[in-house]
Amino acid sequence: MVICVALAFLLMSIFRLGISAQIGHVQTQVESAAALTAQRLKAYEASFPQTPSSFATDQHRRELTLILQLVLADFKEVEGGFWSAPDGFLAYAYPSYGGGGVPKKDVPEAEAARIADVAQAALNSGRPQTHSFPSETETLILRAQPAAASDARLAVWTMSRAHVRAAAAYQKLTLGFGVLFVFALLSGAGVLWFLQSWTARVRTLEEAIVSTSLEELSPLRPIGERELDRIVNALSQLNAKLKVVRDESRALTEKLAHADRTAALGRMGAQIAHEIRNPIASMRLKAENALAKPFEQQSAALRAMLDEIKRLDDLLERLLAITRLGELRRAPVALKPWLQARIDNLREQAAQINIALSGDAPHAAWSFDEKSMSRTLDNLLLNAVQHTLRGGWINAHAEIRDGRCRIAVENSGAKIAPEQREKIFEPFVGTRGDGAGLGLSIAREIAEAHGGSLRCVESKDGARFEIELPCPKY
């Protein structure tokens, strides 16, 4: 488009130099010169008390020549004069004549008859007359019009030559540029069609790539464009390689998961054995000591053994809770009364150490397994009570935002270091010596079984745990 605009501008410039444009320009110059000369003659006649009936005197000839000199000096290569029917040529001037500095004073003999004929025709018709006389190298443009209001029958004439030889060369050049302009338009249209076709095929390829499932990675079909088909073939080969790598990755992931489960079971087995061995050893020692004492002194040892049995029973109950996560029974639960009930269960325990326990939830329902989620929230609240200093506070609240339910438990006191925020969720990892270290681990397992998450996040006042549950899909 830029080339076409530039060529159009160039063609317009060259066209102005063509034959017709050159002749039109010369004709305009000649007509303007004749009209202005007639106006100056009219002003000249107005200076006489009475318009002369003839301008054939020497004084009048000089004055007419002066008028011609003044007017034609502004028109390049235009000559002219005054012609009278009874007296013939009265005055002549060619101010822009380039004859080596010698002014031209005589009417051209070759055109004298033509000038007289055109001037006579203008006087006879009473209207301006313009005639052109073409030749091989130039075209003569002659203009004559009546110029006096008296009976002098005076006509002003002007003439100039349009040099058509150079103009003919410009015309051929214009034709050549015209052909070039047409070819530029055709080539632009061809490029536009090619780009649109290319864009359509690229769009087809893009849609094929976007619609390809990552699970299938089926080969792409050829587009029909050689260069694009090379890309299609490369993408198909890449898809095949990705499929192989994905299958290998899936197999390795399964092996790694199996290895992780095996290792986790091994670690858990070792921890369970450790957790069970300690109470059993303690009960064995107390039983042996009790046997060596009188019967009335054995009650204290029996009570200690019952405490250890209770501890073992609690440990087994927590382990069984993990195995029951696949049996979730989801149902809509009103958040506000449910959250308030969980807080009330621990309110008395928190009040004993002067901890302010508060909570809030919207009047809305969310679908989850109430029993298991109650265990999760209870674990978080109990963990907060155990780690909050006397006179501190605990706040639990729930909200529904962006299609997800968020339950947060926050307490004042010591903050949890960033490097410990994931470690505390591992089984049998705890900060207190009197616990099994399963509370947070079980809470996270329950949240993830619901398709959600449990995280320990940054808090400016202490510790903060957030449960996030998605909207259940049925």
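Details
- Each residue in region 236-264 was checked for being at pLDDT 75 or above and either among the aliphatic types (A, V, I, L, M) or within 30 Å of Phe194 (Cβ to Cβ) (or both), and 11 pass.
- The condition of being farther than 17 Å from Asp378 by Cα and either open to solvent by 100 Å² or more (accessible area, probe 1.4 Å) or at pLDDT below 65 (or both) holds for only one of Arg330, Arg318, Arg267, that being Arg267.
- Residues being open to solvent by 10 Å² or more (accessible area, probe 1.4 Å), within 16 Å of Pro472 (Cβ to Cβ) and among the hydrophobic types (A, V, I, L, M, F, W, C) - total across region 359-385: 3
- Of all residues making up region 386-424, the number that are assigned to a helix (DSSP H, G or I) and surrounded by 18 or more Cβ atoms within 10 Å (Cβ to Cβ): 2
- Count of region 28-51 residues which are among the hydroxyl-bearing types (Ser, Thr, Tyr) and within 60 Å of the chain's Cα centre (by Cα): 2
- When region 68-114 is filtered for residues that are outside any strand (DSSP E or B) and among the hydroxyl-bearing types (Ser, Thr, Tyr), the ones remaining, listed by number, are Tyr94, Ser96, Tyr97.
- Test: residue in region 146-153 that is at pLDDT below 95, open to solvent by less than 70 Å² (accessible area, probe 1.4 Å) and of a type in the set (D, E, K, R): no
- Test result for Arg201, at pLDDT 65 or above, open to solvent by 70 Å² or more (accessible area, probe 1.4 Å) and touching a Leu at 6+ places or on another chain (Cβ under 9 Å): yes
- Taken over region 170-193, the criterion of being open to solvent by 70 Å² or more (accessible area, probe 1.4 Å), at pLDDT 85 or above and within 31 Å of the chain's Cα centre (by Cα) is satisfied by Val191, Leu192, Trp193.
- For Arg284, the conditions (1) at pLDDT 70 or above; (2) open to solvent by less than 40 Å² (accessible area, probe 1.4 Å) all hold with the exception of (2).
- Residues of region 48-67 that turn out to be part of a loop (DSSP other than H, G, I, E, B) and either surrounded by 12 or more Cβ atoms within 10 Å (Cβ to Cβ) or not aromatic (Phe, Trp, Tyr) (or both), as a count: 9
- Number of the condition not met by Asn354 [criteria: (1) modelled with pLDDT of 90 or more; (2) closer than 21 Å to Leu469 by Cβ]: (2)
- Answer from Ser367, Ser459 - the residue that is assigned to a strand (DSSP E or B), among the polar types (S, T, N, Q) and either touching a strand residue (DSSP E or B) at 6+ places or on another chain (Cβ under 7 Å) or at pLDDT 85 or above (or both): Ser367
- Pairs meeting the criteria (first residue in region 8-23 and closer than 14 Å to Arg161 by Cα and in a helix (DSSP H, G or I), second residue at pLDDT below 70 and not hydrophobic (A, V, I, L, M, F, W, C), beta carbons under 6 Å, at least 6 apart or on different chains) are Ile19/Gln171.
- Region 115-138, residues that are of a type in the set (Ser, Thr, Tyr), modelled with pLDDT of 90 or more and not in a helix (DSSP H, G or I): Thr130, Ser132
The values are calculated or read from the model by the stated rules, or taken from the named source; none is laboratory data. These numbers were taken from a predicted model, which means no experiment stands behind them. Glycine also receives a Cβ, built like all others from the backbone with ideal geometry; neighbour counts cover every protein chain displayed. Surface areas here come from the heavy atoms of the whole protein model, side chains and all, with no ligands, DNA or RNA. Shrake-Rupley method; radii C 1.70, N 1.55, O 1.52, S 1.80 Å.
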